Amino acid sequence: MFSDVTFAYPWMFYFLAVIPVMIFWYWKMGRKKETSITYSSLKVFEGMPVSLKERLRHVPLALRCLAIAVLIVALARPQSFSSGRNVTTEGIDIVMALDISGSMISEDLKPNRVEAAKNVVEKFIENRPDDRIGLVVFSRVAFTQCPITIDHSVLINLLKKIGPGMVPDGTAIGNGIADAVGRLKDSKAKSRVVILLTDGVNNAGEIDPMTAADIAKTYHIRVYTVGVGTQGQAPYPVQTPFGVRYQMMPVEIDEGLLKNIAETTGGMYFRAMDNSALKNIYSKIDKLEKSKIEVTSYHNAAELFSDWLNAGLILILLELLLSKTVFRKIP
């Protein structure tokens, strides 16, 4: 019962010694009491059955002793908590770099590229509870949506909020890599990884993608690149006065650049043409090596004394009620 419970004032349990003293005093005083009515002989009562009330005459004392014991537990202030617990686990530091350019709403993946990527990345995060993971998004510019963290609930909430239109359109692959590297360069993890997903050709940004890859290599950060999109053309939704219409747009992915980035940094390049392929790619990346990191987890303290206090007060009231009614003594 108490395996996960601690007490703020354990010395209060010394007061439990008063209970055997109460029992002894009750027994001693019971022997000294004189009867209210004196009989010359008790033979007339021999063979009479003992009533239930007579059998339960010590119940008020038992309730009183139990009430005192329960109140002492309450005064000891039971608590259930764990705070600042350091745990050494197996993990790596990962930054997910996602393209949120306008072309990511193409619907060759369902419901579209960006939503398909978000769904797969969310599952990837959930499957790696011991890793610190961050999120960088890029279009014409790049920015950090979430720094590397072990708090995956916060990370997933921020992941769900991203989408095309957050920043001016474009594809700044170099900026995306550089921003991700900036989040990992001071990490103490033995293994640091960037997983970059894009559906286009680098056409924006101040940093050349291969320059960013060389920087990643300098910091021993591997970059895994994922090109997402079918072959040929993909349906692209266009808003018109008559509703949404679909226009077939050419799929242009600079696979040569993505392969060079991966090879330079010691990573790998993958191509996802549909939802199943994208899911399988992240499953492969999930098999990356792991290194030891130390995580400090916090849990809120739970005070348990109120339940014990309430139980003690109920027992006292019950004892008083029985003493004044069922077990009332004639003075």
- Sort through 183, 128, 132, 113 and tell me the only one that's touching a residue at least 60 places away in the same chain (Cβ under 8 Å), in contact with a Pro (Cβ under 7 Å, 6 or more places away or on another chain) and assigned by TED's automatic domain parsing to the domain that holds residue 282. 183
- Item | So residue 172, is it assigned by TED's automatic domain parsing to the domain that holds residue 123, without any contact (Cβ under 8 Å) to a residue 60 or more places away in the chain and crowded, with 24+ Cβ neighbours inside 10 Å | yes
- Kindly indicate whether residue 227 is modelled with pLDDT of 85 or more, part of a loop (DSSP other than H, G, I, E, B) and either hydrophobic (A, V, I, L, M, F, W, C) or within 32 Å of the chain's Cα centre (by Cα) (or both). no
- Can you confirm whether segment 187-200 contains a residue that is assigned by TED's automatic domain parsing to the domain that holds residue 120, free of Cβ contacts under 8 Å to residues at least 60 places away in the same chain and not in a helix (DSSP H, G or I)? no
- Query: Out of all the residues in segment 275-331, which are of a type in the set (D, E, K, R), at pLDDT below 90, under 30 Å from residue 115 (Cα atoms) and surrounded by 14 or more Cβ atoms within 10 Å (Cβ to Cβ)?
  - Reply: 290
- Query: Which one of 256, 229 is closer than 30 Å to residue 193 by Cα, without any contact (Cβ under 8 Å) to a residue 24 or more places away in the chain and either out of contact with any His (no Cβ under 8 Å at 6 or more places or on another chain) or loosely packed, with under 12 Cβ neighbours inside 10 Å (or both)?
  - Reply: 256
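The values are calculated or read from the model by the stated rules, or taken from the named source; none is laboratory data. The model shown is predicted, which means the values in this text are computed figures rather than measured ones. Here Cβ is always computed from backbone atoms with ideal geometry, including for glycine, and neighbour counts include all displayed protein chains.
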